[in-house]
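Structure in structure tokens, see below.
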Amino acid sequence: MTLQRKPEWSLQAWLDKFLHAVVLEPREIRGIDQSGAHQANDNARLMAIARGCRPGTADVLVCQGSPTRVLWIECKRPDGKGSASPAQTAAANAYAACGIPTIRECASIAQALDGLRSAGIRVSDNANVMAWVYAEHVAASERERAAGVVKRVAKPRALRPAASKIRQAHKVGVWR
């Protein structure tokens, strides 16, 4: 089984690590996973809306206390091919109307750092160096993706041998 790799997801994963490394306490950083929303059937989509899930919610929420600061970040492809959907634009406009800053199309770690600073979120003194390091990780992920490097992951549970089969194999000497 191979891991599906999308450029936006790679950026978001490295961005999460970067934010946890540089945003000072007290803080709360949350990634919002809505990756399956476009794959859901109509019934699942309607059920999600009934539960309060709305299309357009940004990918990452950064909160910091003392004083309270909030920033929404919408990740986009590092290669510049992605753009905000109408629902994402409407959500960003709603955040802005409430006085909540948003990075509408964050395509790099440096852009995220600039957004943190403009929102008044306190970051560590070495944030510039950390931004460069994490930007290199994003770039390496992009190079791997472009080169077609495939990440392997474990087999699904249904394809793995059951514990009873493993014990039986040990008893008869197949595995030692």
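The values are calculated or read from the model by the stated rules, or taken from the named source; none is laboratory data. Treat the numbers as computed from the prediction; the structure is a model and nothing was measured. Neighbour counts run over all protein chains shown; Cβ positions are idealised from the backbone, glycine included.
Anything in the stretch 108-150 that is at pLDDT below 90 and either at positive phi or not in a helix (DSSP H, G or I) (or both)? List them, or say none.
Within the stretch 108-150, Gly148, Val149, Val150 meet the criteria.
Just give me the residues in the stretch 43-97 being loosely packed, with under 15 Cβ neighbours inside 10 Å and at positive phi, in sequence order. Don't jump to the end; show me each part of the working.
Filtering the stretch 43-97 for residues loosely packed, with under 15 Cβ neighbours inside 10 Å gives 43-44, 46-47, 49-54, 65-68, 79-81, 83, 85-87, 90, 93-94, 96-97.
Hits for the stretch 43-97 are Gly52, Ser66, Gly80.
Can I ask one more? Scan (1) closer than 30 Å to Arg117 by Cβ; (2) over 18 Å from the mean Cα position of the chain (by Cα); (3) among the basic types (Lys, Arg) for the single condition Arg51 breaks and write down its number.
Of everything listed in (1) closer than 30 Å to Arg117 by Cβ; (2) over 18 Å from the mean Cα position of the chain (by Cα); (3) among the basic types (Lys, Arg), Arg51 misses just condition (1).
Still on this structure: Filter the stretch 102-153 for residues that are over 20 Å from the mean Cα position of the chain (by Cα) and β-branched (Val, Ile, Thr); which is nearest to Gln64 (Cα to Cα)?
Of everything passing the filter in the stretch 102-153, Val129 is nearest to Gln64 (Cα to Cα).
Among the residues of the stretch 17-29, is there at least one that is over 28 Å from Arg145 (Cα atoms), basic (Lys, Arg), in contact with a Gly (Cβ under 7 Å, 6 or more places away or on another chain) and at pLDDT 90 or above? Let's see the steps before the verdict.
Of all residues in the stretch 17-29, those over 28 Å from Arg145 (Cα atoms) come to 23-28.
Checking the rest, the ones that are also basic (Lys, Arg) come to 27.
From what's left, in contact with a Gly (Cβ under 7 Å, 6 or more places away or on another chain): none.
No.
Also: I'm told Trp72 meets every condition in (1) in a strand (DSSP E or B); (2) modelled with pLDDT of 95 or more; (3) touching a helix residue (DSSP H, G or I) at 6+ places or on another chain (Cβ under 9 Å) except one. Can you identify the failing condition by its number?
(2)
When both residues are 6+ apart or on different chains and their Cβ atoms are under 9 Å apart, which pairs have a first residue that lies in the stretch 109-134 and is more than 15 Å from Asp16 (Cβ to Cβ) and without any contact (Cβ under 8 Å) to a residue 60 or more places away in the chain, and a second that is of a type outside the set (D, E, K, R) and in a loop (DSSP other than H, G, I, E, B)?
Ser118/Pro101; Ala119/Ile100; Ala119/Pro101; Gly120/Pro67; Gly120/Pro101
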